[in-house]
Amino acid sequence: MAADSDRAQRGIQSIEVGGQLLRALVHHGRPMALKDLAREAEMSAAKAHPYMVSFGRLGLIEQDRTTGHYLLGPLALQLGLISLQQANPVHIATPLIAELAQQIGHTVAIAVWGDRGATIVRIAESPAPLHVNMRHGTVFSLTHTASGRLFGAYLDPEVVRGLLEQERQREQKGAAQPPQRGMPPAQRLPGWPAFEAQLHEVRAHGLSRSEGEILPGISAMSAPVFDSMGAIVLAVTAIGPAAIFDTRWGGEIAVALKACADQVSQRLGATLSRP
């Protein structure tokens, strides 16, 4: 069985070596001279040239006739487009949040933007005995949760302003009803200028956080995932007891959340420019 497994995983070394040239071309994102490509791939230009000829025949690269520089070809473009079409943000993020929950010791969820707002679609429970439970399908408040403000910061401002007004109307309808037993009184919604300032803070840090807003003693942080067009497609949100939950912008949880969200964004073709 071990021999069969070894054979199944054995690759073709020459393809892996040549792939370093393609990796360098993708990494730099611009046409490159053969000598520069070879240097990036840690090989001589004489060794690199036959690979580039073969890649050209396949359509993976092409050569500018004026400068002689190499750039990605039509087949590479087609592969990229098909990859983006097949990429499912939730599918990509799901195994990563399980690893993240183990790393930071808190429950982690994936939220997408639905008809009613930011909605949980995947959950990875904390390995710690003391943790916060979340439910699939839970909808986060736009104004009083880390996930809600995260989406608010990256959606179209006019759309967000309309959503805030809808939330205000719901608040007014429920104002006459007493709070449920054991639940704190509903928080007042901020006006648009105050909420806009909160969204600016989210964009400045590339993260959103909440400290005891929905339930006393519960904190959360949320990081955005973007697609190839720069649009937010989901939020990676960690939640836990405030006493052991690090909400510092540069703390361990913040760094880990950003790394996880960035990894998904990169798989989706996003170009990141983090704060």
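The values are calculated or read from the model by the stated rules, or taken from the named source; none is laboratory data. All figures in this text were calculated on a predicted structure; none of them were measured in a lab. Cβ atoms come from the backbone with ideal geometry, glycine included; neighbour counts cover every protein chain shown. Areas reflect the complete protein model, heavy atoms only, side chains present, ligands, DNA and RNA absent. Shrake-Rupley method; radii C 1.70, N 1.55, O 1.52, S 1.80 Å.
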Hey, any idea what % of the chain's accessible area is carbon plus sulfur with a 1.4 Å probe? 54 percent
Find how much the distance from L77 to M229 grows on full extension, using 0.36 nm per residue of separation minus their present alpha carbon separation; answer in nm with one decimal. 53.2 nm
With Cα coordinates, the longest principal axis of the chain makes an angle with the long axis of helix 45-58, in degrees rounded to 10, of 70 degrees
Translational D (Stokes-Einstein, µm²/s) of the chain at 37 °C and 0.692 mPa s when Rh comes from the Kirkwood sum over C-alpha pairs? 152 µm²/s
Summing -39500 (n - 2.57) over every DSSP H run of at least 4 in the chain, dividing by its residue total and rounding to the nearest 500, the 222 nm mean residue ellipticity is -15000 deg cm²/dmol
Take the eigenvalues of the Cα gyration tensor for segment 96-173, scale each by 5, and report the square roots as semi-axes in whole Å, largest first. 28, 13, 10
Between N133 and A33, what FRET efficiency follows from the Cβ-Cβ distance if R0 is 51 Å, with the result rounded to 0.05? 0.35
Go through segment 233-275 and name the trypsin sites (Lys or Arg not before Pro) that are in a DSSP coil and have 12 or fewer other Cβ atoms within 10 Å of their Cβ. R248
Mean-square fluctuation check for the chain, GNM, Cα pairs under 10 Å: which of I214, I15, I110 is largest? I15
Find how many whole Å separate the alpha carbon centroid of segment 29-98 from the alpha carbon centroid of segment 116-165. 37 Å
Quick calc of log₁₀ I(q)/I(0), segment 33-74, Debye, one scatterer on every Cα, no solvent, q values 0.33 1/Å, result -1.17
Placing each pseudo-label 7 Å from Cα in the direction of the beta carbon, E99 and E211 end up separated by a distance in nanometres of 3.1 nm
